[in-house]
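Working notes for the structure below.
Rule-based calculations on the coordinates, nothing more; no lab input. Everything quoted here is computed from the prediction, not taken from an experiment. Backbone-built Cβ (ideal geometry, glycine too); neighbour counts: all protein chains shown.
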Amino acid sequence: LFMLGIFKITCGAGVFKDTKCSRVLLCENRERRRRSKIAECVKNVSVKCWKHLRGGFMFIEVKFRILMGFFQVFFSFQRTFQKGTVDTDTSLLEMITGLNPSRLADEFNIRCAYDYNHYDTLFLYTLVPIVFVIIVVGVYILLSRVYNKYKESVRQETITTVFYLTFLVYPGVSQTILETYLCEEFPTADGNEVFKSALRADYRLSCENSKERVIALVYASIMLVVYPVGIVLLYVSFLKRYHDLILKQDSTNLNQDEKSKLKRVSFLIYPYKTERYWFETYELFRKLIQTSLVAFLQDSVFPNLSPTIAMNISIVVMVLVVFINPYKKTGDFWFAFVSLVLLIPASQLSVLELSSKQITSGNYGIMGVEFGLMVVIVLVELWLQKKGKSGGEVKDLTRTESHTDEEFVGVVNDNLNTMQENMKVKKRNAELEGEILKLIERIKGLESMVPEDEASRDAVEVAVV
């Protein structure tokens, strides 16, 4: 992520002009290409492959984000409800979807060399993103001064890179911070007194008052403001700042400066309808509730009912997505909907009387369905795109007995909206045609003012110079 972010920012700065951004990975050398036809052939194929890969990622970017959001909550359920039965083979995937450093360390058995605990994970998990942002901002300041001509492009890529980072780390780092406050009490055999109070995320750490515990609590409190609260405020501030531009993003009257400013928040608003531009902020709250709040309930308020509460929360957010319907593409909506449906069995695996092997098989089954669904939806959208079907066509108004009143009214409303948009486009085209005619008349008038004799024309040219 770090290298990709720096690469995109340098491309935006104009360090690699035009198609060189896509060729830089090939270590391209012009003299070598001239000497070798094979190198030229490989270069052309590689550039085309890179362009297709980049275009393919842009096509599935929204689905990729939905997939990442699903796994962030899914692995949180594993940590909360299936403690002690989680298959470590999924730790690398958990690290990728949430940028969790402890899962990366588990994957490469770093614990054999250094026995880290929850506090070490807390410090590393919260400091690495901050260092990353500082480096990215430093690169932005440097490039914007050296390549001032491309300052706006550099700013857009820098903001997008920071947004991607916050999107990936938000659920995991928030849960890690809140787990610092959650302790579990172990009573004596007779149950009359507490034998030991330990941190639920790491039973080796005691919750007794100590210097290490106090430092961890103070640090976690600071990071609580920086991450769970600060990232939400960051999203809200950007949406509020560009609120007016966002609402008129579908207009054809935006000038170049307004379009450039709108690209700064494209990460937040691109997947959603104009009136649902705030939905990415809602997604932050949704993932925070499904990860951190459920983990908190597991330890304190309802220790035995927390899987049921997690299931009910999943049902509520599933209904809200249907009610709000925020996505521009139908495929994105259905993928998000089914992803929320799959979280319901994921929260109930620990309640069923299953062995550790059966729970692991269930987890793999849910993950397989999620990946398979994404592939199917992408293939269907590609097929529809190849068939040339578009969402802007007026639907058939022929009413049959199979149509309900609500369906018929919905079709009528869709047609009215489409016709209204077409009328706006026609009106704008008519205005442009009028402006073109005025320009043509003005040019003819200017041409009639040019003197016919060559001496007079030379005198006019000298005067103009």
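Averaging the Cα positions of each part gives two centres, and for the stretch 324-364 and the stretch 271-285 these lie 21 Å apart. A full extension of the chain between Lys438 and Lys240 corresponds to an added length of 67.3 nm, given 0.36 nm per residue minus the alpha carbon distance. Neighbours of Leu343, meaning other residues whose beta-carbon lies under 15 angstrom from its beta-carbon, give a summed charge of +1 when Lys and Arg score +1 and Asp and Glu score -1.
Net charge within 12 Å of Glu283 by Cβ-Cβ distance, Lys/Arg positive one each and Asp/Glu negative one each, not counting Glu283 itself? Combined, the nearby Lys, Arg, Asp and Glu give +3.
Step through the table entries Lys151/Lys424; Lys273/Lys438; Lys196/Lys357; Lys261/Lys387; Lys261/Lys328, compare each Cα-Cα distance with 26 Å, and write down the pairs that go over it. Beyond 26 Å: Lys151/Lys424; Lys273/Lys438; Lys196/Lys357; Lys261/Lys387. Sequence-ordered 3J(HN,Hα) estimates for the stretch 305-322 from the Karplus curve with 6.51, -1.76 and 1.60 and θ = phi - 60° stand at 9, 4, x, 5, 5, 4, 5, 5, 5, 4, 5, 5, 5, 5, 5, 4, 4, 5 Hz, glycine and proline given as x. Hey, can you grab everything whose amide H is under 5 Å from the amide H of Lys196? Only 5+ residues off in sequence or another chain; H modelled, so Pro and N-termini drop out. Here Phe186 satisfy the definition.
In units of the compact-protein estimate 2.2 N^0.38 Å, the stretch 124-264 shows a Cα radius of gyration of 1.54.
Peptide packing: for 427-433, 361-367, 337-343, the average count of neighbouring Cβ atoms within 10 Å per residue gives the ranking 337-343, 361-367, 427-433, highest mean first. Between Lys261 and Leu233, the modelled labels are 2.4 nm apart [label points 7 Å from Cα along Cα→Cβ].
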